[in-house]
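The values are calculated or read from the model by the stated rules, or taken from the named source; none is laboratory data. Values in this document were obtained by computation on a predicted structure and should not be read as measured data. Every residue, glycine as well, gets a Cβ built from its backbone with ideal geometry; the counts of neighbours run over all protein chains shown. These accessible areas exclude ligands, DNA and RNA; they are computed on the full protein's heavy atoms, side chains included. Shrake-Rupley method; radii C 1.70, N 1.55, O 1.52, S 1.80 Å.
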Amino acid sequence: MTSRKPISLTPRDRILETASRLFYRNGIRAVGVDSIIAEADVAKMTFYKHFKSKDLLVLEFLKRRDAAWRAWFEAALSRLAPKVEDRPLAIFDALAERFSSKEFRGCAFINTMVEMADGDHVAHQAAAEHKQKVQQIVGALLSAAGVKKPEALAQAFLLLMDGAIVTAVRERKPGSAKAAKKVAATLLSTYKLQEK
């Protein structure tokens, strides 16, 4: 039995909502256009009117996921760490919360890069761009927390974040975020000592 999307959504939004849910849950390659059309309860012509190809739908899914992830991240850090100097390490507290969700299936962007391994594929590139944005955000958080040259540390934090994500998927537990936070704290204190 398929679950139908509320009729109050536009056909385009129903397609996108359905595709987003199915892509994240099952993987992009495993989800065909026909199953999206059936679950979104739209005609094939309606689908192709809004999305000329599955690749364009995937790009829209990633664009939407990127905006939602960044909004979640900003809100979670503000809630978990009201002081800006505490936000770099609060990254891992936010991840632990995310890993605890029953719907958690890893990072949609890492999953996309694995599925679309060809670096020239538009979906791979869009997912990689998201990771670059995240690294810039982390760099800005580190800078606001007083780190003078945050670029290398931001790259290390992103490596810890991605590693924690993959480990959480493998272990099906949120503990990897706590472990990554310990390593990040050591890196942060070492880095600050080197700056003096």
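Do the conditions hold for ARG29, that is, is it closer than 30 Å to ASP118 by Cβ, in a loop (DSSP other than H, G, I, E, B) and open to solvent by 20 Å² or more (accessible area, probe 1.4 Å)? So ARG29 passes the test.
Of all residues in the range 166-196, those being surrounded by 14 or more Cβ atoms within 10 Å (Cβ to Cβ), over 11 Å from ALA96 (Cβ atoms) and not aromatic (Phe, Trp, Tyr) number 8. Evaluated against (1) under 24 Å from PHE99 (Cβ atoms); (2) touching a helix residue (DSSP H, G or I) at 6+ places or on another chain (Cβ under 9 Å); (3) open to solvent by 40 Å² or more (accessible area, probe 1.4 Å); (4) not aliphatic (A, V, I, L, M), PRO11 falls short on exactly one condition, (1). Has the range 144-153 got at least one residue that is over 14 Å from the mean Cα position of the chain (by Cα), open to solvent by 30 Å² or more (accessible area, probe 1.4 Å) and on the phi > 0 side of the Ramachandran plot? So far as the range 144-153 goes, yes, one or more of its residues are over 14 Å from the mean Cα position of the chain (by Cα), open to solvent by 30 Å² or more (accessible area, probe 1.4 Å) and on the phi > 0 side of the Ramachandran plot. Restricting ASP66, ASP55, ASP86 to residues that are open to solvent by less than 60 Å² (accessible area, probe 1.4 Å), farther than 20 Å from GLY163 by Cβ and touching a residue at least 12 places away in the same chain (Cβ under 8 Å) narrows the list to ASP66. Condition (residue is surrounded by 16 or more Cβ atoms within 10 Å (Cβ to Cβ) and over 17 Å from ASP66 (Cα atoms)) applied to the range 125-140: is it met by at least one residue? Yes, because at least one residue in the range 125-140 is surrounded by 16 or more Cβ atoms within 10 Å (Cβ to Cβ) and over 17 Å from ASP66 (Cα atoms).
Is it the case that VAL183 is in a helix (DSSP H, G or I), over 20 Å from the mean Cα position of the chain (by Cα) and over 21 Å from LYS83 (Cβ atoms)? Criteria met by VAL183.
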